[in-house]
Ligand code: GRF
């Protein structure tokens, strides 16, 4: 990113998770390795207090927040998350296994600044169990997609995709594991690209 970037200092990334957090770790490692330059993961927020990814983030010295969604309206829950992101001057929001569709209020708070990763070649197989959906359809090629987030489930303009061949003897688990390897490369690449674009 250029010295005269539109960001006051380093770009501040907020990552939203609901579970394991391996894509969040891939992003954090890419920041540490200088692959995503002039940026930091400023906060990791989970809607599930017991998400394994929270411990991973803490272990890397990243601030974590659990903002539980259970029993709350989406708008109210999203408002609290948006407030937490704003308080921390977040420039870019990365959904990484975050299992809730965002409200329009959330989207309007960060226009074109919310990304998501999904384990299929969207628009094919949105939603849960994308790898099993690919197997059920007998598709020969699947993969992963990073896209801008809109109000639809795994919708929004596609930024980049990576293909992964589906093998004869694949199970949802073996296919998911091979797609995940690609996810961990693709997401940091796209974040670096998007931040570069924002800074121009
Ligand atoms: C990934 O496959 C991601 O594409 C999807 O949910 C999974 C999250 O895995 N949205 P992790 O929590 O990043 O390990």
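Derivation of every value follows stated rules applied to the coordinates shown; laboratory data play no part. All values derive from a computational prediction rather than experimental measurement. Positions of Cβ are backbone-derived with ideal geometry, glycine not excepted, and every protein chain shown enters the neighbour counts.
Brief remarks follow.
- Separation of alpha-carbon centers, segment 42-61 and segment 65-116, rounded to whole Å: 15 Å
- Note on segment 1-92: Rg/Rh from C-alpha atoms, Kirkwood Rh, equals 1.00.
- Counting DSSP beta bridges with both ends in the chain, the antiparallel % (nearest 5): 40 percent
- From most to least packed by mean Cβ count within 10 Å, the peptides 37-44, 191-198 give 37-44, 191-198.
- Expressed as a fraction of 2.2 N^0.38 Å, the value expected for a compact globular protein of N residues, the C-alpha radius of gyration of the chain is 1.00.
- Taking all Cα pairs closer than 8 Å and separated by 6 or more residues, the relative contact order of the chain comes to 22 percent.
- Entry for segment 84-184 at q = 0.10, 0.15, 0.16, 0.24 Å⁻¹: log10 I(q)/I(0) = -0.29, -0.60, -0.67, -1.22, Debye formula applied to identical alpha-carbon scatterers, no solvent contribution.
- Rounded to 10°, Cα long-axis angle of helix 172-199 versus longest principal axis of the chain: 30 degrees
- Between residue 20 and residue 72, the modelled label-to-label distance comes to 2.6 nm, taking each label 7 Å out from Cα in the direction of the beta carbon.
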